Every structure is written in C-alpha cells, then in structure tokens.
Amino acid sequence: MSLFTKYTAPEKKEKKLEKSSSQAAEKETPQPVEMKKKKQASAPLTENPPMTDEFWEMESKIHGDIVEELKKKTFNDAEQEKQMIEKISQEKVDQAGDRLTFEQKQHLLQAVKYELLGYGPITSLLENPDISEVMVNSAKDIYYEFKGKLLKSNLSFRDDAHVKGVIDRIVSPLGRRIDESSPMVDARLPNGSRVNAIIPPLALKGPSITIRKFSETPFTAQDLVGFGTWTDDMANFVEAGVDSALNIFISGGTGSGKTSTLNVLSSFIPEGDRIITIEDAAELKLSQDHVISLESRPANIEGEGQITIRDLVKNSLRMRPDRIVVGEIRGAEALDMLQAMNTGHDGSLSTGHANSPRDMLSRIETMVMMAGFDLPVRAIREQIASAIDIIVQQSRLRDGSRKITHITEVLGMEGETIVLQDLFVYKETGMDEDGNLVGQFSPTGIRPHISDRLEANGFTLPGAWFDQELDYE
C-alpha cells in the first residue's frame with residue numbers, strides 16, 4: 001500500500017481514496033509481525049572436478065587446433081561461427097579423448113567451448129543468475145558471491161598467462177589496454193557487468209579480475225521489496241520524491257547495491273524529461289526514451305585524451321538536461337554536481353561511498369575540496385545543504401543481505417552544522433537460528449519538511465503515517 005496518493009482523474013481518485021482510508025484503519029491497530037526466516041545460502045552449483053596440468057595440456061592442444069582450423073574458414077555471421085566452433089570442438093574432443101570417460105569428455109568439451117566462446121573457466125559463474133560477483137584473486141584462487149555469501153570455487157585457470165588472456169579478451173573490444181605501463185583497467189562486459197582488472201607488478205600474486213554482475217533485466221521497486229531491501233511505503237515515498245524533482249543521493253559501502261537502487265530510482269523519472277547519465281563504465285539501464293548516456297575515457301598509451309567524470313558533468317550542463325544522473329561521485333566532480341543541483345537542475349541523482357548519511361556529507365565536503373578551490377568550509381556546507389534533499393543509505397549487513405537502513409532528509413544549516421532528520425530507519429532486532437539478521441523497517445513519525453513540495457506536485461501524505469512509528473515485516 002502506498003503512503004500517499006497522487007491526484008488522478010475523479011473515478012480513479014475515488015478508488016484510491018477508498019484504499020487510503022482502509023490503510024489508515026489498518027494502521028490504527030498495528031499487529032505484531034513474526035519475522036520470516038531466511039535459509040542460509042548453499043553452494044549454487046555442483047562444480048567440475050579440479051583441473052589438473054594434464055587436463056590443461058589437452059585443452060590447450062585442442063584449443064590451438066580449433067583456432068588453426070577456424071582461420072581457414074569464413075563465416076557470414078556470429079551465429080554461424082558459433083555453430084562451427086561447437087561442431088569442431090565436439091569432433092576434436094572425441095578424437096583426443098579415447099582414454100576419457102563420458103563425464104571427462106563433457107568436462108573437456110565444456111572447457112574448450114568456454115575458452116573459444118566465453119571467458120575461460122569463470123564462464124559458468126558468469127552465466128549463473130544467482131551469482132552476483134566473481135573474484136579471481138590469482139590463477140588458482142577463485143571466489144564468487146552467491147546470495148550475499150562469499151564462497152570459494154574449485155575452478156582454476158591454467159596459469160597467469162591464461163588469466164591475462166581473458167582480461168585482454170574483455171578490454172580489447174572497448175579500446176582499453178592493460179600492460180606494465182597501464183596495469184589497472186576498468187571495463188564492462190557486453191551485458192553491462194562491471195570489470196576491474198589489475199596485473200603485476202601491482203598485483204603480487206598474479207593477474208586479478210573482479211566482475212560485478214548486473215541483471216540483464218533491471219530490478220524494479222517491487223523486486224527490492226521482494227528482496228527485503230525496503231518496503232512498499234519507502235518505495236512510494238522515494239518515487240514521489242523523484243517525481244517531484246528532489247535531489248537524491250544514494251550512500252553505501254562497496255557491494256551494498258547502490259547501482260541497482262540508482263537504476264530503480266532512475267526508473268521513477270517521468271517519461272517526458274531529458275535525462276543525461278554519466279558513468280565510468282556504463283551500467284545504468286533506463287527504460288525512458290529520452291536518455292543520453294555518457295561514459296568517461298582513460299588516457300591513451302601516450303597519456304593523453306583522458307575525459308573525466310568532472311569533464312562530462314560540466315559538458316552535460318550545456319546539453320539542456322532535465323535530470324542529471326551520475327553513477328558515482330568520487331572526486332572534484334562533486335563541486336560541479338552541487339552547482340548543477342543549485343542552479344536549476346533539480347531532480348538529479350547520484351551515489352557515493354559512505355557508511356552513514358552523516359559520513360556521506362563529510363565525504364562530499366572532502367571531495368569538493370579536491371577541486372582545488374580555497375572555499376570556506378561553511379560555504380561548502382551551505383552548498384551541500386541547499387543542493388541535497390534526501391539521502392538514501394544502503395548497507396550490506398553481516399548476513400549478506402542488503403537493506404535501505406535510512407531515508408534521511410537534509411534540513412539545512414544550524415550554525416556550522418548541516419541538520420539531518422531520519423524519515424525511515426531499519427532496526428535490527430536479533431538473529432535467527434540460521435545466523436540471518438532479523439529486523440524491522442519503521443517510519444520515524446516525523447513530518448518531512450519537503451511535504452509542501454510533494455503536495456505541490458500532487459501527492460498527499462496521510463496523517464496516520466505521522467501519528468506513531470509503524471512496523472513492517
């Protein structure tokens with residue numbers, strides 16, 4: 001049920017008001033709720049047996065033979081090439097695997113196909129929809145995140161050169177490079193998954209890859225409700241804020257789900273608005289038609305041609321945006337973002353790394369100072385207090401679950417301090433026998449100062465919400 005109702009045509013309005021009245025009656029006598037228990041995550045797949053040196057020697061020979069044979073053929077399209085690879089792979093494995101059992105042949109065939117059509121041994125992890133992150137610490141040390149839990153895989157690469165080859169396969173189509181002169185790279189897979197790779201001499205154990213996967217079908221607000229990330233009322237409140245062109249900042253730690261939540265918030269932007277998204281690696285998938293996506297660019301091999309997030313934020317102001325969505329604020333671009341928010345570009349969205357709403361404000365203050373201007377601290381804080389309306393704090397809790405722990409309003413300045421007030425909070429109440437956290441989402445009962453802006457945009461906040469704290473399952 002929604003916390004508020006947007007004005008609509010009379011016949012629909014009567015129906016919604018009826019619903020709102022029923023909701024108010026329910027809230028008058030809140031009932032205790034028994035928290036549902038979540039079973040601990042188990043391994044998502046039955047993995048193949050460990051890959052031995054003999055296995056890799058056979059796989060490498062078959063792989064080389066197939067590559068040589070493919071060089072002699074021409075293909076009309078990628079699908080025809082894929083079918084030919086599968087056909088030749090099957091033939092080569094059958095020829096080379098006289099001494100192998102059926103299961104060993106299937107294992108070898110799969111490894112050959114993954115090498116030619118995917119990203120080597122980690123392809124099976126990338127294809128599993130329940131795995132959200134894949135971490136290659138070294139050639140023989142691979143981990144993955146399954147439903148919030150970190151698990152070790154028995155998969156492995158042949159050696160460091162094998163890992164480096166997969167990195168090259170990822171970054172080359174994007175015009176990126178990784179070598180001793182540029183040993184770190186950020187890239188993305190065709191499906192939008194974010195990739196970070198780092199190689200020796202910076203990575204002492206050998207080349208390392210971290211892949212943050214994103215659903216090919218973006219999550220919706222109801223998906224997050226189903227995951228237990230927030231409640232319907234929290235989702236509806238934030239949707240009203242986005243629709244009413246409030247400036248909203250999503251704060252959270254690494255892996256807390258900020259990008260997924262930003263994508264959900266971006267989906268609330270009205271269809272008619274001109275949206276400009278700015279990211280290091282394009283991950284956002286907006287459903288609106290009028291969207292321009294911008295992506296930063298690293299320096300080339302001569303150290304020239306770099307285009308930073310700050311450059312793109314400045315340029316976006318000349319592109320007549322209604323909404324500016326910045327994937328993540330990390331440095332001096334914070335100043336340009338604040339200025340945009342304060343000069344008529346309301347409804348802007350962004351994310352940043354911090355452990356609480358108050359910490360997020362301190363980080364923004366520090367990032368503004370990185371711009372190189374000698375601004376007084378009070379002037380920076382006034383800019384922040386004037387620009388940001390709502391902070392949505394997201395956290396990855398000890399049991400691996402992701403929750404919106406605070407929805408906080410920025411009220412303004414009081415002396416030298418920015419004043420905040422929580423509107424919704426998540427309170428932990430304990431742990432169940434499986435080691436999963438149990439808690440409740442609650443509105444604080446405080447009427448937001450932004451109520452006038454929401455009401456001016458056609459939203460009505462029910463008085464029942466401010467009478468007392470309401471608990472949600």
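Readers should treat all values here as calculations from the given coordinates under stated rules, not as data from a laboratory. As the structure is a computational prediction, the values presented were derived from the model and not from experiment. FYI the Cβ positions are ideal-geometry reconstructions off the backbone, even for glycines, and counts take in every protein chain you see.
Antiparallel versus total DSSP beta bridges in the stretch 268-423: what percent is that, nearest 5? Spell out each step's value before the answer.
On the way: 14 of 25 bridges.
Antiparallel bridges make up about 55 percent of those DSSP assigns within the stretch 268-423.
Can you give me the long-range amide H partners of D399? Hydrogens built in the peptide plane at 1.01 Å from N, cutoff under 5 Å, separation of 5 or more residues or another chain.
Under 5 Å from the amide H of D399: L437.
Taking only DSSP H segments of four or more residues, each worth -39500 (n - 2.57), what value at 222 nm results for the chain once the sum is divided by all its residues, to the nearest 500 deg cm²/dmol?
Working: 14 runs with 166 residues, N = 473.
Roughly -11000 deg cm²/dmol at 222 nm, from the helical runs in the chain.
With θ taken as phi - 60° and the coefficients 6.51, -1.76 and 1.60, list the Karplus ³J(HN,Hα) couplings across the stretch 213-227 in order, rounded to whole Hz; mark glycine and proline as x.
7, 10, 5, 5, 9, x, 5, 9, 4, 5, 4, 5, 5, x, 6
Quick one: Cα centre-to-centre distance for the stretch 179-193 and the stretch 204-248, in angstrom?
The two parts, judged by their Cα centres, are 24 Å apart.
What's the magnitude of the charge dipole for the stretch 46-121 around its Cα centre, counting Lys and Arg as +1 and Asp and Glu as -1 at the beta-carbon? Answer in Debye, nearest 20. Walk me through the numbers before you get to the answer.
Values: 10 positive and 17 negative charges, 45 e Å.
Taking the Cα centre of the stretch 46-121 as origin, the dipole is about 220 debye.
Do any GluC sites (Glu not before Pro) in the stretch 403-450 lie in a DSSP loop with no more than 11 other beta carbon atoms within 10 Å, and if so, which? Each step should come with its number before you reach the end.
Details: sites: E409, E414, E416, E428, E433; in loops: E416, E433.
Within the stretch 403-450, the qualifying GluC sites (Glu not before Pro) (loop, at most 11 other Cβ atoms within 10 Å) are E416, E433.
What does the charge dipole of the stretch 130-214 about its Cα centre add up to, to the nearest 20 debye, if the Cβ of each Lys and Arg holds +1 and the Cβ of each Asp and Glu holds -1? Intermediate results must be reported in sequence, preceding the final value.
Numbers: 14 positive and 10 negative charges, 50 e Å.
The dipole of the stretch 130-214 has a size of about 240 debye.
Once the Cβ-Cβ distance between E180 and T343 is put in as r, and R0 is 45 Å, what FRET efficiency do you end up with, to the nearest 0.05?
It comes out at approximately 0.55.
Have a look at M360, G430, I324 and report the one farthest towards the positive end of the charge dipole of the stretch 319-473, computed about the Cα centre with Cβ charges (Lys/Arg +1, Asp/Glu -1).
Comparing the listed Cα positions along the dipole, I324 ranks first.
Which trypsin sites (Lys or Arg not before Pro) from the stretch 54-139 combine a DSSP loop assignment with at most 12 other Cβ atoms within 10 Å? The partial results should precede the final answer.
Numbers: sites: K61, K71, K72, K73, K82, K87, K92, R99, K105, K113; in loops: K72, K73, R99.
Of the trypsin sites (Lys or Arg not before Pro), the ones in loops of the stretch 54-139 whose Cβ has at most 12 other Cβ atoms within 10 Å are K72, K73, R99.
Viscosity 1.002 mPa s, temperature 20 °C: what is the translational diffusion coefficient of the stretch 191-239 from Stokes-Einstein with a Kirkwood Rh over Cα pairs, rounded to a whole number of µm²/s? Please list the in-between numbers first.
Details: Rh = 13.7 Å.
For the chosen part, D equals 157 µm²/s.
State the extension gain, in nm to one decimal, for the chain segment bounded by R99 and D359, taking 0.36 nm per residue of separation less the distance between their alpha-carbons.
That pair, R99 and D359, stretches by 87.4 nm at full extension.
Only four residue types carry charge here, +1 at the Cβ of Lys and Arg and -1 at the Cβ of Asp and Glu. Report the dipole size of the chain about the Cα centre in Debye, rounded to the nearest 20. Mind showing how you got there, number by number?
Working: 56 positive and 75 negative charges, 49 e Å.
The dipole of the chain has a size of about 240 debye.
Put +1 on the Cβ of every Lys and Arg and -1 on every Asp and Glu Cβ in the chain; which of M369, Y143, Q90 then has its Cα farthest towards the positive end of the dipole?
With unit charges placed on the Cβ atoms, the residue in question is Q90.
Using the Karplus equation 6.51 cos²θ - 1.76 cosθ + 1.60 (θ = phi - 60°), what ³J(HN,Hα) coupling, rounded to whole Hz, does each residue of the stretch 266-272 give in order, writing x for Gly and Pro?
5, 5, 7, 5, x, 4, x
Which length gain, in nm to one decimal place, applies between R320 and T220 when the Cα-Cα distance is subtracted from 0.36 nm times their residue separation? Could you put the intermediate results ahead of the total?
Numbers: separation 100, 0.36 × 100 = 36.00 nm, distance 2.77 nm.
Answer, rounded to one decimal: 33.2 nm.
By how many nm would the segment from M84 to D130 lengthen if fully extended, with 0.36 nm per residue of separation less the alpha-carbon distance?
13.5 nm
Per residue Cα convex hull volume for the stretch 107-173, in cubic angstrom?
On the way: hull volume 6.2 nm³, N = 67.
Output value, Cα hull per residue: 93 Å³.
Test of understanding: extend the Cα→C-beta vector of L117 to 7 Å, then name every residue of the stretch 63-88 with backbone N under 14 Å from that spot.
78-88
Toward the positive end of the charge dipole of the chain, about the Cα centre and with charges on Cβ (Lys, Arg +1; Asp, Glu -1), which of T408, M341, Y119 goes farthest?
Checked the options; the winner is Y119.
In the stretch 347-413, which trypsin sites (Lys or Arg not before Pro) are in a loop and have at most 15 other Cβ atoms within 10 Å, using DSSP for the loop call?
Working: sites: R358, R363, R378, R381, R396, R398, R402, K403; in loops: R398.
Here the trypsin sites (Lys or Arg not before Pro) that fit, given the DSSP loop and packing criteria, are R398.
Restricting to Cα pairs below 8 Å that are 6+ residues apart, what does the relative contact order work out to for the chain? Please round to a whole percent.
Relative contact order of the chain: 14 percent.
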